[in-house]
Amino acid sequence: MKYFIHTYGCQMNIHDSEKIAGVLESLGYTATSARDSADIVVFNTCCIRETAEQKIYGHIGELKKIKRNKPDMIVVVCGCMSQQDGALDKIKESYPFVDIILGTSNLNMLRDAVVAAQQKKRLYNVDFINYCEEDFYQARTSFPNAWVNINYGCNNFCTYCIVPYVRGRERSRPLKNILNEVKSLLEEGYKEITLLGQNVNSYGHDLQNGETFALLLNEIGQLNYKFRLRFMTSHPKDLSKEVIDVVAKYPNICNNIHLPVQSGSTEILRRMNRRYTRENYLDLIKMIRAKIPDAGITTDIMVGFPGETEQDFLDTLDLVRQAKYSSAFCFIYSRRKGTPAYSMENQITYAVKRDRITRLLACQNEVTKEISQTMIGQRYEVLVEGPNTHYVNTMCGRTESGRLVNFKCDESMIGQFVTVEIELAKSATLWGKIILGD
Ligand code: SF4
């Protein structure tokens with residue numbers, strides 16, 4: 001019996017798919033890359049943008065004919081899209097061949113649902129049931145990295161974002177469970193652990209037992225293995241001095257901080273409900289640079305939020321130059337039904353958004369190029385992560401600060417730490433050679 005999982009969206013979903021794969025493998029299914037001949041097809045969905053959602057509905061629709069000829073095929077829809085208001089009814093009505101519909105926090109029902117579907121019984125349930133991470137065997141696919149959830153959901157309600165509505169309020173896992181999971185992953189040979197949460201910095205707020213993100217990092221930082229620890233995503237309003245201190249203190253916690261700014265204009269940040277100002281944010285950057293001088297800071301930036309003036313946008317460009325991000329995920333604001341920003345006045349035209357994103361990308365490219373030039377001739381420790389499929393015998397990996405480097409070596413080196421001398425910088429990507437015997 002074969003399974004195929006379509007994963008859409010962010011790292012959180014990629015990791016959820018590892019849990020889904022674990023459930024299916026425990027039921028005797030094995031992975032296949034041939035969707036249409038699979039016995040079970042799972043759509044692990046995302047709804048962050050409406051265009052993405054339409055695409056997913058299109059992909060689900062493609063199975064209608066296939067299922068007609070293969071009636072035993074089990075079709076599952078889960079993840080953020082099915083958790084939205086009205087989605088359950090829409091899927092049931094428009095895609096009646098779907099056997100199982102689950103939400104974001106009841107994946108623990110998947111096993112029973114699949115067993116029931118094998119007997120032609122359907123299960124549709126998007127209730128919020130906080131499953132326990134420990135209930136899952138996870139079929140991990142990202143060696144040498146392992147994703148570890150530390151908290152779920154979000155309490156922030158940024159006005160453009162659907163996540164709090166589909167992932168629910170913030171829930172943190174107990175610190176000792178996370179620590180145990182990290183220890184056993186390191187025992188298994190994983191070399192990089194990435195802690196995941198919608199807002200890792202508010203880890204523990206709901207536990208009210210003194211467990212905080214800084215404490216968690218401190219505990220993991222002390223583990224006596226050769227490994228790297230990364231985390232995402234940090235909300236600037238909750239990034240504390242204590243967290244920055246712990247990152248600075250432990251060599252195995254990467255000096256790479258992803259700190260989404262979204263806009264460089266205090267007025268736009270207010271309208272986004274981000275709860276920090278341009279000045280607060282720049283102060284944070286200063287503090288990080290003072291305590292971790294070689295930090296690689298990355299960000300997310302949005303252009304064209306409702307009401308964004310040319311001056312607001314110029315403030316964003318100015319902030320990009322000041323913050324000196326090593327890279328930035330830049331994107332155009334797109335209206336998302338069900339969020340407050342959807343009905344805000346002064347929506348920005350597509351032409352203006354296009355113009356702004358082009359200028360923003362050019363600005364960030366300049367900054368990245370400048371940083372890259374300073375890296376040429378320097379040596380960095382890089383974890384060999386996997387092949388660069390565009391080139392023969394070429395692997396890629398990241399420096400501690402998060403910069404992607406390509407270099408020649410074979411696949412047997414995946415999971416090893418090597419020293420790489422940077423020879424060439426092509427904007428965001430670096431090329432180098434392994435220095436042996438260093
Ligand atoms: S912090 Fe804001 S952008 Fe991030 S998930 Fe929560 S609401 Fe969405």
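One table, with the values for the structure above:
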{"quantity": "Given charges at beta-carbon only (K, R positive; D, E negative), |dipole| of the chain in Debye", "calculated": "760 debye"}
{"quantity": "Residue exposure sequence - Cys158, Cys254, Cys80 - by fewest surrounding Cβ within 10 Å", "calculated": "Cys158, Cys254, Cys80"}
{"quantity": "Highest-MSF residue in the chain out of Ser240, Ser263, Ser33 [GNM, Cα springs under 10 Å]", "calculated": "Ser33"}
{"quantity": "Dipole moment magnitude, nearest 20 debye, region 376-434 about Cα centre, only Lys, Arg, Asp, Glu C-beta charged", "calculated": "180 debye"}
{"quantity": "Length-normalised contact order for the chain - Cα pairs under 8 Å, 6+ apart - percent", "calculated": "10 percent"}
{"quantity": "Positive minus negative residues near Thr233 (Lys, Arg vs Asp, Glu; Cβ under 14 Å)", "calculated": "+1"}
{"quantity": "Structure-based [θ]222 nm, the chain - -39500 (n - 2.57) summed over DSSP H runs of at least 4, per residue, nearest 500", "calculated": "-10500 deg cm²/dmol"}
{"quantity": "Unit charges on C-beta of K, R, D, E only; dipole of region 59-128, Debye", "calculated": "400 debye"}
{"quantity": "Farthest toward positive dipole pole in region 133-374 [+1 Lys/Arg, -1 Asp/Glu at C-beta], among Gln222, Pro260, Gln138", "calculated": "Pro260"}
{"quantity": "Of Gly377, Gly189, Gly197, the one that fluctuates the most in a GNM where the chain has Cα springs shorter than 10 Å", "calculated": "Gly377"}
{"quantity": "Of the DSSP H helices in the chain, those whose Cα atoms cover at least 27 Å axially and whose Kyte score averages -1.0 or more", "calculated": "350-375"}
{"quantity": "Region 331-366-region 204-260 distance, computed between alpha-carbon centres (Å)", "calculated": "32 Å"}
{"quantity": "Scattering profile of region 133-374 at q = 0.11, 0.16 Å⁻¹ [log10 I(q)/I(0), Debye over alpha-carbon scatterers]", "calculated": "-0.62, -1.21"}
{"quantity": "Antiparallel bridge percentage (DSSP; both residues within the chain; nearest 5)", "calculated": "35 percent"}
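Values quoted throughout were computed directly from the atomic coordinates according to the rules given, and no laboratory measurement underlies them. Here the structure is a predicted model, which is why all the values come from computation and not from measurement. Glycine also receives a Cβ, built like all others from the backbone with ideal geometry; neighbour counts cover every protein chain displayed.
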